[in-house]
Amino acid sequence: MNRRGFLAGLTALTTSRLWAVDYPLVLSGKTMLFPRDHGAHPDFRTEWWYITGWVKDGKGNDFGVQVTFFRTRPGIQEENTSAFAPKQILFAHAALADPRSGALLHDQRAAREGLGLAVAKDGNTDVRIDDWWLRLVGDIYTARIVSRGFEIALEFRATGPILLEGDGGYSRKGPQAAQASYYYSRPQLAVSGELTISNARTRVEGTAWLDHEWSSEYLAQAAAGWDWTGVNFDDGGALMAFSMRSKEGGAYWAGGTLRDPRGRTRTLRPDEIAFVPMRQWRSPRTAVDYPVAMRVHAGALEIELTPLMDDQELDTRVTTGTIYWEGAVRVTHGGIAIGRGYLELTGYWQPLKL
């Protein structure tokens with residue numbers, strides 16, 4: 001099914017009778033089990049597998065890479081036994097940041113699960129929309145994206161233990177206990193494989209970060225969006241930090257996790273996290289202003305994030321209904337390079353709705 005047909009079908013379904021859905025709550029105290037929790041959790045409203053990373057070719061050229069698969073349970077016609085009933089909807093975003101041209105290459109897909117078009121399997125990471133897919137076998141994720149103008153064929157090998165975010169994987173996103181997600185990360189993934197840009201294929205290597213989150217009430221009504229970063233430090237450490245921004249201005253909620261080079265992990269409280277804009281960039285397409293350079297306070301640590309290139313805006317209105325900035329960033333401390341990561345900025349175009 002093409003994108004236009006999918007959207008027309010979804011619009012028709014949303015005007016038909018809806019059945020009430022009781023989404024499960026995210027509760028503290030859950031013990032994550034692997035590989036089971038690498039797979040899909042279809043009872044929950046929203047879920048994503050998110051890979052972001054830096055890679056370099058043999059000539060020393062840097063690229064930013066993003067591969068994301070989203071699953072949502074819309075709660076539409078769940079009693080309908082037809083294979084066309086959209087019990088699960090899958091979306092995917094893929095992007096390559098190439099500073100040689102200053103252009104972000106990106107594409108997106110959407111499909112209802114089933115009919116051989118799309119799947120998000122239980123038990124282990126295995127998500128697919130047509131010829132786009134992300135799979136985990138052992139400690140190696142493989143991603144394949146075939147798009148107009150670029151292709152991604154990469155392996156991401158886990159080099160360390162799973163990083164459970166928040167309280168053992170229970171990550172608060174607001175003051176109410178239900179405003180939370182189950183959340184873990186895989187920092188310091190070793191990347192290898194091939195990128196194809198304008199029919200030119202090149203071998204690349206680098207480092208990436210994977211997030212896997214699922215929730216039923218991720219974004220509080222009072223929140224407009226979030227700033228998020230995942231950083232792979234050169235010494236082997238890692239940092240995840242986020243700040244939910246209030247619709248009234250300022251921070252609404254925040255959190256983070258810091259892992260040192262020895263693998264010792266510290267959960268950061270909301271009052272220990274701050275994102276301070278250093279420089280704005282205005283999109284020439286949408287006129288949205290993004291703070292693409294940030295100073296991040298995470299406990300006693302203070303780092304600066306500066307973009308690989310300014311234009312890393314994604315217009316995903318035909319799939320997830322929003323415009324956001326997701327970009328590769330250099331990480332420095334006191335002017336000294338100490339790592340690389342990604343910065344995500346949502347809710348700057350308009351308040352985000354999930």
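When the residues of the range 93-124 are narrowed to those that are within 18 Å of Asp315 (Cα to Cα) and without any contact (Cβ under 8 Å) to a residue 60 or more places away in the chain, which ends up surrounded by the most Cβ atoms within 10 Å (Cβ to Cβ)?
Restricting to residues being within 18 Å of Asp315 (Cα to Cα) and without any contact (Cβ under 8 Å) to a residue 60 or more places away in the chain, the top hit is Ala94.
Residues are listed down the side, and each one gets a yes or a no for (1) touching a strand residue (DSSP E or B) at 6+ places or on another chain (Cβ under 8 Å); (2) farther than 25 Å from Gln188 by Cα:
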| residue | (1), (2) |
| --- | --- |
| Ala287 | no, yes |
| Pro291 | yes, yes |
| Ala300 | no, no |
| Glu326 | yes, no |
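So which of Ser147, Ser171 is touching a residue at least 12 places away in the same chain (Cβ under 8 Å), within 23 Å of Asp271 (Cβ to Cβ), surrounded by 17 or more Cβ atoms within 10 Å (Cβ to Cβ) and out of contact with any Pro (no Cβ under 8 Å at 6 or more places or on another chain)?
The unique qualifying residue is Ser171.
Kindly indicate the residue of the range 213-227 that is among the small types (Gly, Ala, Ser) and more than 15 Å from the chain's Cα centre (by Cα) and also surrounded by the most Cβ atoms within 10 Å (Cβ to Cβ) among those meeting that condition. Write out each step before concluding.
Of all residues in the range 213-227, those among the small types (Gly, Ala, Ser) come to 215-216, 220, 222-225.
Pick out the ones that are also more than 15 Å from the chain's Cα centre (by Cα) and you get 216, 220, 222-224.
On the way: Ser216: 21, Ala220: 18, Ala222: 16, Ala223: 23, Ala224: 19.
If we take residues in the range 213-227 being among the small types (Gly, Ala, Ser) and more than 15 Å from the chain's Cα centre (by Cα), then Ala223 is surrounded by the most Cβ atoms within 10 Å (Cβ to Cβ).
Being under 19 Å from the mean Cα position of the chain (by Cα), under 23 Å from Gln221 (Cβ atoms) and either at pLDDT 95 or above or among the hydrophobic types (A, V, I, L, M, F, W, C) (or both) narrows it down to one of Glu344, Glu326, so name that one. It would help to see each step written out before you state the result.
Numbers: Glu326 fails: under 23 Å from Gln221 (Cβ atoms).
None of the others qualify; the one that does is Glu344.
Just checking: which of the strands (runs of 3 or more DSSP E) contained wholly in the range 176-245 hold 1 or more residues that are free of Cβ contacts under 8 Å to residues at least 40 places away in the same chain and within 20 Å of Arg45 (Cα to Cα)? Walk me through it before giving the result.
Working: elements: 180-197, 200-215, 223-233.
Result: 180-197.
Please indicate, with yes or no, whether at least one residue in the range 50-70 is modelled with pLDDT under 95 and of a type in the set (Ser, Thr, Tyr).
Scanning the range 50-70, I find no residue that is modelled with pLDDT under 95 and of a type in the set (Ser, Thr, Tyr), so the answer is no.
I'd like to know if the range 193-210 contains one or more residues that are farther than 20 Å from Leu104 by Cα and at pLDDT below 95.
For the range 193-210, residues farther than 20 Å from Leu104 by Cα and at pLDDT below 95: absent.
The values are calculated or read from the model by the stated rules, or taken from the named source; none is laboratory data. As the structure is a computational prediction, the values presented were derived from the model and not from experiment. Don't worry about glycine lacking a Cβ; one is built from the backbone with ideal geometry, like all the others, and counts go over all protein chains shown.
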